[in-house]
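Each remark here refers to the structure printed beneath this line.
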Amino acid sequence: MNRPTLPTFVFAMLTSAALAEGGFYGDPPDATHPWGIHDMNRPQPPRVEPGNAMTAPSDAVVLFSGKPEEIEKWISDKNGEPTKWVVKDGVLQCVPGSGYIRTKEEFADCQLHIEWSAPSKVEGNSQGRGNSGVFLMGAVEVQVLDNYNNPSYPDGMASSIYGINPPLVNPLNAPGEWQSYDIVFRRPIFKDGKEIDPGYITVLVNGVLTQDHTPLEGGGGHMRRSKPKAFPEKGPLKIQDHGNPVRFRNIWYRPLPKRAVDGGEYSRMSEEATAAKRAEIAKGIREDAAKHEGNAKMLRLFESLCYAENAEAKEFALAAVNDFATAMKAVPAGKIESKKGEILQVTKALRYLAQFKILAEEPAARQELEAIIKTNDWEPKKK
Ligand code: MG
């Protein structure tokens, strides 16, 4: 069964079915994975309304969408005063000589979208033509440059990580047309002065990959080889004034969750982080179990044991399953068919718990329920 590819309504039905069954399904959690395989206790990804070419997705922080008042989200990088850059016809334009701008907002790891357009009147060449730049955390420059039929040094071309890495390809439109940058930025992480993650940057220009998870080497820079260095927790986004009236529009970002090396939640985590997460998931399931009665409660408690030991939950569930088996044994042969669903469901859970050695020893109930299944020939026939 491949659940995620099913239509939503079918998936929703399976979801509640899986919950009702207690979810004894894929491989259980292990020392470095707090969730099992196909685990319904794993949080659902939040729904986000996608954007299109001209609108940001619903969870984005919009830095500029074309409104004149949005200039207030930006200040002069030189002195923190209001910038002299202008908003005209829904476009944010660099006024040469007025200096870099930066956001008041500070952030770090992000997905950033920005569109730019170099002057249609072509002037200058190499680095002198349509030059600007997008500075993540105010430090790492993703170069903005009109390189349409305009060669320059490769590690300074459009969408290069300036002074560090050239773009893979040059997918620019002609000057005057709009270019889009989609950037995934991960800042360098240092712990106790030691680099544990260099930081990475991925860039798509007009939908074409130009930086593929490129490791950072510090911030990059002009003429000097950049060296890895620790970054602060946050920084502003800066846009460069390099003397050309480059225009910008549709600027937004989405903050990204922490990486595993930084204590973030991923499929695979450190053993310490996994143990803590498994304890948290188990607690949530036990709390949910308390809202149920009978087999539903028992199965939820057994399920919690797949994540973390808990003497009380185990004792309750074992007593309940043995009571259940005793009660089922007492059901007259003529009425046992009405209990088929429950018996198969509980037995499936017990088989799972045995297969993955979740319980130190098997409850007596297992063999009693297996005997009822065998006597009544309820086992699904293998095809
Ligand atoms: Mg530049």
Per residue accessible area of the chain, 1.4 Å probe, in Å²: 53
Give me the aspartates and glutamates in straight-line cross-link reach of LYS227: C-alpha distance below 13 Å, same-chain residues under 8 apart excluded. GLU195, GLU217
For the stretch 225-240, list residues with backbone N below 16 Å from a point placed 7 Å from the Cα of VAL61 toward its Cβ? 232-239
Of all the Cα-Cα pairs you can form in the stretch 66-262, what percent are over 31 Å apart? 13
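Could you sort the peptides 267-274, 244-251, 201-208 by per-residue average Cβ neighbour count (10 Å cutoff), highest mean leading? Provide the component values of the computation, followed by the final result.
Working: 267-274: 13.8, 244-251: 22.0, 201-208: 18.1.
Those peptides, ordered most packed to least, come out 244-251, 201-208, 267-274.
How much of the calculated P(r) for the chain lies past 39 Å, in percent of all Cα pairs? Intermediate results must be reported in sequence, preceding the final value.
Working: 30071 of 73153 pairs.
For the chain, the fraction of Cα-Cα distances above 39 Å is 41 percent.
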Run through all the Cα pairs of the stretch 125-175 and give the fraction in each 5 Å bin from 0, expressed as whole percent. 5, 26, 33, 25, 9, 3, 0
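Any of LYS291/LYS329; LYS291/LYS348; LYS67/LYS194 with alpha carbons more than 32 Å apart? Name them for me.
Numbers: LYS291/LYS329 27 Å; LYS291/LYS348 22 Å; LYS67/LYS194 44 Å.
Over 32 Å Cα-Cα: LYS67/LYS194.
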Ranked packing of 141-150, 332-341, 101-110, most packed first, by mean Cβ within 10 Å: 141-150, 101-110, 332-341
Let's test the formula: R0 of 56 Å, r as the Cβ-Cβ distance of LYS283 and GLU379. What FRET efficiency results, to the nearest 0.05? 0.95
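Report, in debye and to the nearest 20, how large the dipole of the chain comes out about its Cα centre when Lys and Arg carry +1 and Asp and Glu carry -1 on their Cβ. Can you show the working numbers first?
Working: 48 positive and 50 negative charges, 65 e Å.
So the dipole magnitude of the chain works out to roughly 320 debye.
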With r as the distance between the Cβ atoms of SER270 and SER120 and R0 = 56 Å, compute the FRET efficiency 1/(1 + (r/R0)^6) and round to 0.05. 0.60
If we sort 151-164, 27-40 on the protection proxy, mean other Cβ atoms within 10 Å, highest first, what's the order? 151-164, 27-40
List the aspartates and glutamates whose Cα sits under 15 Å from the Cα of LYS297, skipping any in the same chain fewer than 8 residues away. GLU21, GLU287, ASP288, GLU312, GLU315, ASP323, GLU342
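The values are calculated or read from the model by the stated rules, or taken from the named source; none is laboratory data. Note that the structure is predicted; figures quoted are calculated from it, not measured. Heads up, the Cβs are rebuilt from the backbone with ideal geometry, glycines too, and the neighbour counts pull from every protein chain shown. Quick note on the areas: whole protein, heavy atoms, side chains included, nothing else; ligands and nucleic acids left out. Shrake-Rupley method; radii C 1.70, N 1.55, O 1.52, S 1.80 Å.
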